[in-house]
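Working notes for the structure below.
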Amino acid sequence: MTIDNQQFLDALLHGDRTLASDILKKVHREGYSVEDIYELLIKPALYQAGVLWETGKISVATEHLASAVVEALLNEMYYHILSLNQKKNKVVVSCVENEFHQIGSRMVADIFELNGWNTSFLGANTPTSELIHFIKDKEPHILALSLTLSQNLSLLDKMINSIRKELPDISIIIGGQAFNHGGHDLVDKYEDVRLFENLKSLNSCIINNC
Amino acid sequence: MISGDSSLFLSEWTEEINHSIHNNKSLCIAVFSCNRELLYANAPMHFLLQDAPFDQLLNPSFDQLVSAKSESDEIFEGHITFGTISSLNTSIVAKVFRKNNKILIVGGADMNQLMEQNEQLVLLNREVNDLQRQLIKEKVVLENTLNQLHEVNNKLNEVVATKDKFFSIIAHDLKNPFNTILGLSELLGHSSDSFTSGQIKTYAQNINQGADQAYRLLENLLRWARVQRGLLKPMFTRITVSALVNEVFELLKENAEAKKIDLILDLQFTGFVTTDREMLLTILRNLISNALKFTHTGGKVILTTQKEQDRIVFKVSDTGVGMTREVMDKIFRIDSDVTQKGTAQETGSGLGLILSKEFVQKLGGKITVQSTPDEGTIFRVFLPLPPYIR
Ligand code: B12
């Protein structure tokens, strides 16, 4: 079957969690992987919602509703994602300070979990000081940071700087929409900071032991 | 930004303002007469008042507003809640004025409150999400633990059943032949003088039969014990089918003759199999002696060897008493004790069949049974053939 993004988007905008969940389950039954569902069903619908907001067709309230439904759906998927025979690898996934867009990073966390990683998700608007504190305690192999707003690129720069000062050896990966139109020089500045465009490239990296 | 004198700057926009008020979606405005008549309501106020304006004014009520005491025209300022006691309701922040026997309500959403509450709801939603994930995780862990427990429990049950079977065989089946042996040998030892040589011969034969039975049972028991302890691993060698079945027939010929049963060999396949010789020997011996046990004098027991695609089939069929579906379901199970006496009151433990099944599995094969009461039974043992024979 082909994925019907329009019907799915309508369900999100109307807050119809049941319909959205039915569509998702159907696609899942058809054999689409979690990664496919995230990239081909959920992401395009949310991007389209962004266009509707940008052109004044929907309100922030509707945006909130749509993202609340999506987060509920991601939780539904979690049951299929959880792996119990976990590897020793640990990852901490977080958004940059001041960033409220956490759905992309949630997906990133799920891809790690699917691959058997011990995954900690900190989510939206995590203060850098708290993040550093958490990492020191958890000692992950990888720190994954998500950035959506390009206006926050300098914040990310500052953040990586402070993290590097306290934890010089931690491997950092970053991604998110802020890099769709630039920001790559920031990545080149640091050693052992890698940028990923989407879940597919991330997944193949995880499979090949990152 | 709040600045300037509204009457000064807005008076020249009266028409536009009136038009906007009428079509606005967030400013709610209504005019009532004091004797309960709705004179005007703009679109969002209509939405709040629905078709029953005086019922929908939940707090304060219309009557409270009409009878409110005030020095000035303004009679109320605060939240007005619309709805009924049986619905989810909405509030606006509003002012109410009373003038010329009429009442004016003007209000709208409290933006500050909306934003604050929106933020709080988003945070709350986040917490609920995290909690839900945590619950799902714990559920999966629990499910997994439960499955493991279940598995261990099944294994334990099997171990207990195995142990029970072991003791029951020792207690009954192995003890019985010794009763015969001990009883008869004592009789012979004490008073052999008073017996005829014919009688002595019969007793000696009985003792021999009892010893034979006990020995075979002991052999099965020991083999089975070794299987249980994981000590018995098949040793695959190339063996000639005809030589092996002849050996089994040699062993059981006398049993068949004693019961006057026709023991027939139908060798349709005579090649080689690669298998464990001892195990296959035990399987066939158990199946045939079982068939002899449950077949009446004058009946038939046939062993057929056939090639079927990439497998060899050993078929043991008899014209015996057969069994019901119920019994068939239990004969290979360790936790059931369906033991039945043979047609000549032969005893048995049922261990032979269980052992045969375990051996067949170790040899990578399959065993099936098919039976009709009073007509007979067919056991089939399927074993894989080496590739060059397939
Ligand atoms: C939902 C939403 C919100 C929600 C978010 C709720 C939540 N729980 O996340 C709310 C209402 C809070 C919100 C707020 C705002 N938003 Co908004 N929002 C969106 C919307 C519609 C969807 C976001 C989303 O989830 N996308 C789907 C995910 C899956 O895509 P993704 O983030 O790109 O992630 C993918 C990849 O980038 C990658 N990835 C992401 N992170 C990482 C990290 C690593 C390590 C790796 C390997 C990969 C990776 O993996 C994902 C899968 O491929 C977007 C539209 C859009 N184009 O996305 C606008 C959008 C992002 N928002 C926008 C704006 C402007 C805002 C606000 C400023 C204004 C507003 N609308 O209120 C505020 C800012 C708040 C803040 N400080 O962050 C703009 C941003 C423009 C810009 N400057 O770049 C967008 C693009 C809308 C638009 N078309 O203009 N928003």
- Task: Could you list, in their original order, any pairs among B:Lys165/B:Lys260; B:Lys253/B:Lys330; A:Lys43/A:Lys189; B:Lys165/B:Lys330; B:Lys259/B:Lys362; A:Lys87/A:Lys138 whose Cα atoms are separated by more than 21 Å?
- Result: B:Lys165/B:Lys260; B:Lys253/B:Lys330; A:Lys43/A:Lys189; B:Lys259/B:Lys362
- Does region A:159-210 come out rounded, prolate or oblate, given a ≥ b ≥ c as the square roots of the eigenvalues of its C-alpha gyration tensor, rounded meaning a/c under 1.5 and, failing that, prolate meaning a/b above b/c? oblate
- Task: Give me the aspartates and glutamates in straight-line cross-link reach of A:Lys136: C-alpha distance below 14 Å, same-chain residues under 8 apart excluded.
- Result: A:Glu166, A:Asp169
- Note on the structure: Computed about the Cα centre, the charge dipole of the protein assembly as shown from +1 Lys/Arg and -1 Asp/Glu charges at the Cβ has a magnitude in debye, to the nearest 20, of 3320 debye
- Note on the structure: Under 20 Å between C-alpha atoms, the lysine pairs in region B:18-152 lying 8 or more places apart or on different chains count 4
- With +1 on the Cβ of every Lys and Arg and -1 on the Cβ of every Asp and Glu, the dipole magnitude of region B:17-129 about its Cα centre, in debye rounded to the nearest 20, is 280 debye
- Using only the Cα atoms of region B:18-85, what do you get for the radius of gyration and for Dmax, in Å? 12.3, 34
- With runs of 4+ DSSP H residues as the only contributors, calculate the mean residue ellipticity of chain B at 222 nm using -39,500 (n - 2.57) per run, divided by the residue total and rounded to the nearest 500. -16000 deg cm²/dmol
- Query: Roughly how large, in nm² to one decimal, is the mean projection of the convex hull of the alpha-carbon atoms in the protein assembly as shown?
  - Reply: 50.8 nm²
- Can you send over the carbon and sulfur percentage of the accessible area for region B:111-169, probe radius 1.4 Å, protein chains only? 61 percent
- Query: Shape call for region A:82-164 from the C-alpha gyration tensor, a ≥ b ≥ c root eigenvalues: rounded (a/c under 1.5), prolate (a/b greater than b/c) or oblate?
  - Reply: oblate
- Message: Using a 1.4 angstrom probe on the protein heavy atoms only, could you order B:Arg229, B:Arg98 from most to least accessible area?
- Response: B:Arg229, B:Arg98
- Query: For region A:26-166, what number results from the quotient of the Cα radius of gyration and 2.2 N^0.38 Å?
  - Reply: 1.13
- Compare each residue of region A:74-102 in its chain alone against the assembly with all protein chains, and report those whose accessible area goes down by 40 Å² or more; 1.4 Å probe, heavy atoms. A:Asn75, A:Tyr78, A:Tyr79, A:Leu82, A:Leu84
- Solvent-accessible surface ranking, highest first, for B:Thr297, A:Thr119 at 1.4 angstrom: B:Thr297, A:Thr119
- Note on the structure: Expressed per residue, the solvent accessible area of region A:29-128 in Å² (1.4 Å probe) is about 42 Å²
- Message: Given an 8 Å cut-off on Cα distances and at least 6 residues of separation, report the relative contact order of chain B as a percent.
- Response: 10 percent
- Computed over chain B, protein heavy atoms only, probe 1.4 angstrom, the accessible area per residue in square angstrom equals 62 Å²
- Mean residue ellipticity at 222 nm from the helices of chain A, using -39,500 (n - 2.57) per DSSP H segment of n ≥ 4 over the full residue count, to the nearest 500 deg cm²/dmol? -16000 deg cm²/dmol
- Query: Round to a whole number: what % of the accessible area of region A:130-210 belongs to carbon and sulfur, probe 1.4 Å?
  - Reply: 46 percent
- Message: Which positions within region A:112-144 get 20 Å² or more of their accessible surface covered by the other protein chains, compared to the chain by itself, with a 1.4 angstrom probe?
- Response: A:Ala124
- Charged-residue dipole, Cβ positions (Lys, Arg, Asp, Glu), chain B about Cα centre, Debye nearest 20: 2520 debye
- In terms of Cα to Cα distance under 19 Å, which aspartates and glutamates are near enough to B:Lys155, apart from those fewer than 8 places away along the same chain? B:Glu143, B:Asp164, B:Asp335, B:Asp337, B:Glu358
- Note on the structure: iface B-A | buried accessible area, total | probe 1.4 Å | Å², round 100 | 1500 Å²
- Query: Rounded, prolate or oblate: which fits region A:1-106 when a ≥ b ≥ c are the square roots of the eigenvalues of the alpha-carbon gyration tensor, with rounded for a/c under 1.5 and prolate only if a/b beats b/c?
  - Reply: oblate
- Query: Of the accessible area of region B:199-326, with the probe set at 1.4 angstrom, what percent is carbon plus sulfur?
  - Reply: 51 percent
- Message: In chain A, if the dipole is taken from +1 on Lys/Arg beta carbons and -1 on Asp/Glu beta carbons about the Cα centre, which of A:Ala72, A:Gln177, A:Gln7 is farthest to the positive end?
- Response: A:Ala72
- Positive-pole candidate from B:Ile354, B:Val245, B:Leu8, dipole of chain B, charges at beta carbon: B:Val245
- Given the options B:Ile283, B:Ile312, B:Ile17, which has the most mean-square fluctuation in a GNM of chain B, springs set between C-alpha atoms less than 10 angstrom apart? B:Ile17
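The values are calculated or read from the model by the stated rules, or taken from the named source; none is laboratory data. Note that the structure is predicted; figures quoted are calculated from it, not measured. Every residue, glycine among them, receives a Cβ derived from its backbone with ideal geometry; neighbour counts consider all protein chains shown. The accessibility values were calculated without ligands, DNA or RNA, using every heavy atom of the protein model including side chains. Shrake-Rupley method; radii C 1.70, N 1.55, O 1.52, S 1.80 Å.
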